[in-house]
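The values are calculated or read from the model by the stated rules, or taken from the named source; none is laboratory data. Note that this is a predicted model, so its numbers are computed, not measured. Because the Cβ atoms are built from the backbone with ideal geometry, glycine has one as well, and the counts that use them run over all protein chains shown. When the accessible area is computed, the model is the full protein with side chains, heavy atoms only, and any ligands, DNA or RNA have been set aside. Shrake-Rupley method; radii C 1.70, N 1.55, O 1.52, S 1.80 Å.
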Amino acid sequence: MTSPVALITGAARGIGLATARLFAADGWQVAMIDRDAPALAEAAAGLAGGHPVVCDVSDPAQVDGMVAQVLDMLGRIDAVVNNAGVADFGPVAEHDYARWRTVMATNLDGVFLVSQACIPALQATRGAIVNIGSISGLRASTLRVAYGTSKAAVIHLTKQQAAELGEWGIRANCVCPGPVRTKLAMAVHSPDIIAAYHDAIPLNRYGSETEIAQAIRFLCSDSASYITGQVLAADGGFDATGIGLPALRR
Ligand code: NDP
């Protein structure tokens, strides 16, 4: 029997690489997509079943070429994990249009483009899409005008995909991670933000890349065969809580 194939974007490091490792450990072939060619080559070299394809997911022509290359190489696509993302935090009054567009181009356009290019292949396998949102798309906070809005849009895009693609047996779900100490997060999480997250999270800690990857793998698996259009926060309880926790900790 042919091995199932997962296409994972932003797979050179962080949550994407941890997800690629889980799928590979389960015997999947993994198309590892990223724009950072050296990091991607190194990550794929260390993973049996990992196949690197360099691509900027915000570029429609590159996305079409990448999906064609994956199908040529691996023959099928059973799961698409739209994980590539960028973060840029800035005040709403000063966040200029170029910065807004850069965030939207990867975080929102990239999810739209990669998913759409994979639809024919997913129709053939009755496959699954998992989009990576964020707790910043579930709850507003300071400095996240572009990032948080892009992730809220990803959550809704997921529901749009589920609404239409269910006809073909394709499921679409969204995982919203809480904070994880990756390159992306550490570039924007100041000491104040790190302390505030610890205070606001019932489990009182950051998550790990693997803890997020496990939620992604579940939603791509047959164990989630009747789940579509859902948003799963893997966030230590952040989204469930309001006021009170910091007072309790003191
Ligand atoms: P990392 O920075 O560790 O990894 C993201 C990878 O995606 C990088 O290799 C990055 O390359 C690549 N990438 C970015 N833009 C593109 C693009 N246009 N085309 C192809 N590859 C691209 O980030 P994380 O693992 O932390 O993030 C993964 C996802 O999880 C993101 O969508 C993020 O928003 C989300 N998330 C992360 C949280 C966290 O705390 N870490 C919390 C909530 C959500 P490069 O280095 O060149 O940018």
Filter the chymotrypsin sites (Phe, Trp or Tyr not before Pro) in the range 139-230 to those in DSSP coil with at most 15 other Cβ atoms within 10 Å of their Cβ, and list the result. Tyr226
So if I place +1 on the C-beta of Lys and Arg and -1 on the C-beta of Asp and Glu, and nothing else carries charge, what would the dipole magnitude of the range 1-67 be about its Cα centre? I want it in debye, nearest 20. 200 debye
A 1.4 Å probe over the protein heavy atoms gives the chain a carbon and sulfur accessible-area percentage of 55 percent
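Once the piece of chain linking Asp199 and Glu94 is laid out straight, how much longer is it, given 0.36 nm per residue of separation minus the C-alpha distance between them? Could the numbers behind the result be given before it?
Values: separation 105, 0.36 × 105 = 37.80 nm, distance 2.80 nm.
Using 0.36 nm per residue and subtracting the Cα-Cα distance, I get 35.0 nm.
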Longest principal axis of the chain (C-alpha) makes with the long axis of helix 110-125 (C-alpha) an angle, in degrees to the nearest 10, of 40 degrees
Can you pull the accessible area of Asp78 for me, 1.4 Å probe, Å² to the nearest 10? 20 Å²
Compute a Gaussian network model of the chain, connecting alpha carbons closer than 10 Å, and tell me which residue from Asp26, Asp88, Asp56 fluctuates the most. Asp26
Dipole of the chain, positive direction: furthest Cα of Tyr206, Ala31, Met186, with charges on the beta-carbon: Tyr206
Exposure of Ile216 as accessible area (Å², to 10), given a probe of 1.4 Å and all protein chains: 0 Å²
Could you work out how far helix 60-74 tilts from the main Cα principal axis of the chain, as a 0 to 90 degree angle to the nearest 10? 50 degrees
Using a simple charge model, +1 on the beta-carbon of Lys and Arg, -1 on the beta-carbon of Asp and Glu, nothing else, what dipole does the range 34-98 show about its Cα centre, in debye to the nearest 20? 300 debye
Can you pull the one-decimal nm distance between simple spin-label points at Met186 and Glu167, each 7 Å off the Cα toward Cβ? 4.7 nm
For Arg76 and Thr142, what does the FRET efficiency come to when R0 = 35 Å and r is the distance between their Cβ atoms, rounded to the nearest 0.05? 0.20
Out of the trypsin sites (Lys or Arg not before Pro) in the range 107-174, which ones are loop residues according to DSSP with at most 15 other C-beta atoms within 10 Å? Arg126
Measure nothing fancy, just the Cα-based angle from helix 191-200's long axis to the longest principal axis of the chain, in degrees from 0 to 90, nearest 10. 90 degrees
For the chain, with the dipole built from +1 on Lys and Arg beta-carbon atoms and -1 on Asp and Glu ones, taken about the Cα centre, which of Gly90, Val67, Ile8 lies farthest toward the positive end? Gly90
For the chain, compute Rg over Rh where Rg is the Cα radius of gyration and Rh is the Kirkwood radius from the inverse mean 1/r over Cα pairs. 0.96
How many Å² of accessible area per residue for the chain, probe 1.4 Å? 46 Å²
Let's see if you can work this out: charge +1 on each Lys and Arg Cβ, -1 on each Asp and Glu Cβ, no other charges. What is the dipole magnitude of the chain about its Cα centre, in debye to the nearest 20? 560 debye
Given the whole protein assembly as supplied and a 1.4 Å probe, what does the accessible area of Glu42 come to in Å², nearest 10? 140 Å²
Once Ile201, Ile193 are ranked on solvent-accessible area with the largest value leading and a 1.4 Å probe, the list reads Ile193, Ile201
Efficiency of FRET between Ala124 and Ala61 - r from beta-carbon atoms, R0 30 angstrom, step 0.05: 0.80
